[in-house]
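Everything on this sheet refers to the single structure shown next.
Each reported figure results from applying straightforward, stated rules to the coordinates on display, with no laboratory input. Bear in mind that the values here come from a model prediction, so they are computed numbers and not experimental data. Counting neighbours? That spans all protein chains shown, and the Cβs are built from the backbone with ideal geometry, glycine included.
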Amino acid sequence: MYEFMAWLEGSAFADTLRGLGIWTYGLLNLGHILGIATLYGAVLVLDLRLLGLWSSIPARVLARPTVPLAAGGFVLAALSGVMMLSFNTTEYHGNPFIYAKFPIIVFGLLNVAVVQRLGAWRRMTGGESPEPGDPAVLRVCGGLSLLIWTAVVTCGRMIGYW
């Protein structure tokens, strides 16, 4: 892993970013925070609805804006995060939180892919009548998603304190 970290830090990509000026890292950090806030805010609203809050609002109505917001937030957070990481990647060697964060992100993305293929999700977002087990399936999905993305944010925050 250290070899990859050293490669990324020494890459032309990282050199270019470092050469853009003193404000570059700060602006990337701002982009990362905005991406995380957008991703997590959208996930929080949708997952809490799946867990049963705001039951008077159809989940499909909340899914319409939150799913694309979460995707856009993820893309912004991921791109800015890789760019920030490239500045001083080797400093994070041995940091357990960075080694935990990336697999948890992969697990989160796999969870999204699985959930979107579930019949319960398709019926919910399509406005169809739910089948008897759908609410329970969606509660489990919402709870798992909330745990995963909270763990990602927690690991990301703890990276700086190791």
Calculate the dipole size of segment 1-118 relative to its Cα centre from +1 charges on Lys and Arg beta carbons and -1 charges on Asp and Glu beta carbons; express the result in debye to the nearest 20.
600 debye
Zone of Arg60's modelled label, taken as backbone nitrogen in segment 110-151 under 13 Å from a point 7 Å along Cα→Cβ:
120-131
Working out 0.36 nm times the residue gap between Phe4 and Arg122, then minus their Cα-Cα distance, what length gain in nm do you get to one decimal?
38.5 nm
Segment 104-161 and segment 52-87: distance between their alpha carbon centers, rounded to Å
12 Å
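State, to one decimal in nm², a quarter of the convex hull surface area for the C-alpha atoms of the chain, i.e. the direction-averaged projected area.
Numbers: hull surface 41.0 nm².
Mean projected area for the chain: 10.3 nm², to one decimal.
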Run the quick spin-label model on Val67 and Val140: label points 7 Å from Cα toward the beta carbon, then report their separation in nm to one decimal.
2.1 nm
Quick one: if the Förster radius is 35 Å, what FRET efficiency do Ser11 and Met158 give, using the C-beta to C-beta distance and rounding to 0.05?
0.85
Along the positive direction of the dipole of the chain (beta-carbon charges: Lys, Arg +1; Asp, Glu -1; about the Cα centre), which of Pro103, Ser11, Leu34 reaches farthest?
Leu34
